[in-house]
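Colleague: Below you'll find the structure I mean.
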Amino acid sequence: MNLHEYQGKEILNSFGVRIQRGIVAQTPDEAVAAAKELTAQTGTSWYVVKAQVHAGGRGKGGGVKLAKNLEEVKHISDEIIGMHLVTPQTSAEGKLVHQVLIAEDVYYPGESEPEEYYISVLLNRTTGTNMVMYSTEGGMDIETVAEETPHLIFTEAIDPTLGILPFQARKIAFNLGLKGNALKEMVKFVTALYTAYDKSDASMFEINPVLKTSDSKILAVDAKVTLDENALYRHKDYLEMRDIREENPIEVEAKAAGLNYVDLDGNVGCMVNGAGLAMGTMDLIKQAGGEPANFLDVGGTADAKRVETAFRIILKDPNVKAILVNIFGGIVRCDRVAQGVVDAYTNMGDAINIPIIVRLQGTNAIEAKELIDNSGMEIISATEFQEAADKVQEVLA
């Protein structure tokens, strides 16, 4: 589950990570009120207005701007709230901005120039350990740094059973070129950041930039946080942070119906039971010359209502030109699934205007095929994997 910047910073702050303070606002008037409150709390007289969307690169799209007074706060907030923000990480249509974060100015003058760093904590799937990735090139896209100056990216493997050790936090601070109080601050920052990642059951914490202020404080200016949805049962307060306005509406609907659905860019809809079979079905579609339009696992209770809901969700994608239903009847009986397909086809009527290929194997597969073949409906039945692939190829030709 992705979080907004202000939500990620709330989690960081709760674990003792120093952050750039800010207040979220839904309207320009709320933004002005937030700026006044922020001044009372921090003494700041300049403000950073940041669009709150689930996408990086907001500054490049005009979603992050500096306001030097309250009038500019209101004007800039009015421009950003309601805009469709296009960044390198959004579609061409962009994302609608519903709210902004009014943040304190932390680039104030002092005894030294502010410096920016990049730090993230994530799982290294190759080694099975957690990893701190960091660089002196903060404020830049890490992909650009990796491509142009890979020697400036460092990694530190963290044993998840031990957590980050003091020498590792010091090593990170040394590699970033810090010394004196800034080094001590960075050691505290990295240790607290890893604790936040671990205790919140996150998949990733990315702080870009981490700032060394002119008076050698270390703080998070931004926060990109992804939480492991499988662990949200342990964090009911985090679950309340979900903003479904930022998510694919079809995926939200499928989740509400208890279906495992992931939207893809292809032309063949998939309805399958079981993740392994779903992956195999997607490979099958690719081999047949098509592209999977989705990952949809109906689970082990593929009754008529569930099948109909799955059809309706798949058909919301205008790019779908055919649907392949591939069910293995272990827990669920194939004839029950077949009846569900027929009932769904009957109930939906003209809403189904593309070819449907149904392959059912397992318990009562013969009865299921007979039911499909004798339904009088334009449903193409198949028995074997290759047969289903051939049928997909035929309808796409």
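Colleague: Taking the Cβ-Cβ separation of Ile366 and Glu253 as r and a Förster radius of 30 Å, what is the calculated FRET efficiency to the nearest 0.05? Mind dumping the intermediate values first?
Modeller: Numbers: r = 35 Å, r/R0 = 1.15.
Efficiency at R0 = 30 Å is approximately 0.30.
Colleague: Beyond 23 Å between alpha-carbons counts as too far, so tell me which of Lys50/Lys212; Lys255/Lys305; Lys50/Lys316; Lys184/Lys212; Lys184/Lys236 fall in that bin. Show your work: numbers first, answer last.
Modeller: Numbers: Lys50/Lys212 20 Å; Lys255/Lys305 15 Å; Lys50/Lys316 33 Å; Lys184/Lys212 12 Å; Lys184/Lys236 34 Å.
Pairs exceeding the cut-off: Lys50/Lys316; Lys184/Lys236.
Colleague: Under 8 Å for C-alpha pairs, at least 6 residues apart: give me the relative contact order for the chain, rounded to a whole percent. Kindly include the intermediate steps, with their values, before the conclusion.
Modeller: Working: 792 pairs, mean separation 49.4, N = 397.
Relative contact order for the chain comes out at 12 percent.
Colleague: Taking the number of other C-beta atoms within 10 Å as the exposure measure, put Ser203, Ser77 in order starting with the fewest. Don't skip to the answer; put the middle values down first.
Modeller: Working: Ser203 18, Ser77 29.
With the sparsest Cβ surroundings first, the list reads Ser203, Ser77.
Colleague: Could you grab the relative contact order for segment 1-149? Cα pairs under 8 Å, six or more apart, rounded to a whole percent. Mind showing how you got there, number by number?
Modeller: Details: 238 pairs, mean separation 33.4, N = 149.
Computed value for segment 1-149: 22 percent relative contact order.
Colleague: A further question on this structure: Test of understanding: in a Gaussian network model of the chain with alpha carbons linked when under 10 Å, which of Ile352, Ile142, Ile218 would top the mean-square fluctuation ranking?
Modeller: Fluctuation is largest for Ile352.
Colleague: So how far, in whole Å, is the C-alpha centre of segment 14-49 from the one of segment 253-317?
Modeller: So the two Cα centres are separated by 44 Å.
Colleague: Equivalent ellipsoid semi-axes for segment 21-105, as square roots of 5 times the alpha carbon gyration tensor eigenvalues: give them largest first, rounded to whole Å.
Modeller: Values: eigenvalues 103, 26, 19 Å².
Semi-axes from the Cα gyration tensor: 23, 11, 10 Å.
Colleague: Ok, one more. Identify which of Val121, Val307, Val32 has the largest mean-square fluctuation in a Gaussian network model of the chain, with springs joining Cα atoms closer than 10 Å.
Modeller: Looking only at Val121, Val307, Val32, the biggest GNM fluctuation is shown by Val307.
Colleague: Another question, then. Specify the residue with the greatest mean-square fluctuation among Tyr238, Tyr117, Tyr108, computed from a Gaussian network of the chain linking alpha-carbon atoms under 10 Å apart.
Modeller: Tyr108
Colleague: If I compute Cα Rg over 2.2 N^0.38 Å from the structure I just sent, which labelled value in [x] 1.12; [y] 1.21; [z] 1.00 lines up?
Modeller: So the structure-derived entry is [y].
Colleague: Between Leu96 and Lys60, what is 0.36 nm times their sequence separation minus the Cα-Cα distance? Round to one decimal in nm. List each step's numbers first, then the result.
Modeller: On the way: separation 36, 0.36 × 36 = 12.96 nm, distance 1.56 nm.
Gain on stretching Leu96 to Lys60: 11.4 nm.
Colleague: Taking the Cα of Ile153, stepping 7 Å toward and past its beta carbon, and measuring to each backbone N in segment 110-133: which are under 15 Å?
Modeller: What the label zone holds, given the 15 Å backbone N cut-off, is 118-126, 131-133.
Colleague: If you average the sequence gap of Cα pairs under 8 Å that are 6 or more apart and divide by the length of segment 248-396, what percent do you get for the contact order? Walk me through the intermediate numbers first.
Modeller: Working: 307 pairs, mean separation 34.2, N = 149.
Answer for segment 248-396 is 23 percent.
Colleague: I need Arg359, Arg336 ordered by Cβ neighbour count within 10 Å, fewest first. Mind dumping the intermediate values first?
Modeller: Working: Arg359 27, Arg336 21.
Fewest to most other Cβ atoms nearby, the residues stand as Arg336, Arg359.
Colleague: For segment 248-396, just say rounded, prolate or oblate: build the C-alpha gyration tensor, square-root its eigenvalues into a ≥ b ≥ c, call rounded for a/c under 1.5, and beyond that prolate if a/b exceeds b/c, oblate if not. Kindly include the intermediate steps, with their values, before the conclusion.
Modeller: Numbers: a/c = 1.28, a/b = 1.13, b/c = 1.13.
Here segment 248-396 falls in the rounded category.
Colleague: Give me His98, His235, His4 ranked fewest to most by other Cβ atoms within 10 Å of their Cβ, as a rough exposure proxy.
Modeller: Values: His98 15, His235 18, His4 23.
Ascending number of Cβ neighbours within 10 Å: His98, His235, His4.
Colleague: Something else: Helix check for the chain. Which DSSP H runs span at least 20 Å along their own axis by Cα, with a mean Kyte-Doolittle hydropathy no less than -1.0? Mind dumping the intermediate values first?
Modeller: Details: long enough: 28-42 (21 Å, -0.26); 180-199 (29 Å, -0.03); 334-348 (21 Å, -0.02).
Long hydrophobic helices here: 28-42, 180-199, 334-348.
Only the coordinates and a few stated rules stand behind these numbers; no lab work does. Source: prediction; values computed, not measured. Please note: Cβ atoms are built from the backbone with ideal geometry, for glycine as well, and neighbour counts cover all protein chains shown.
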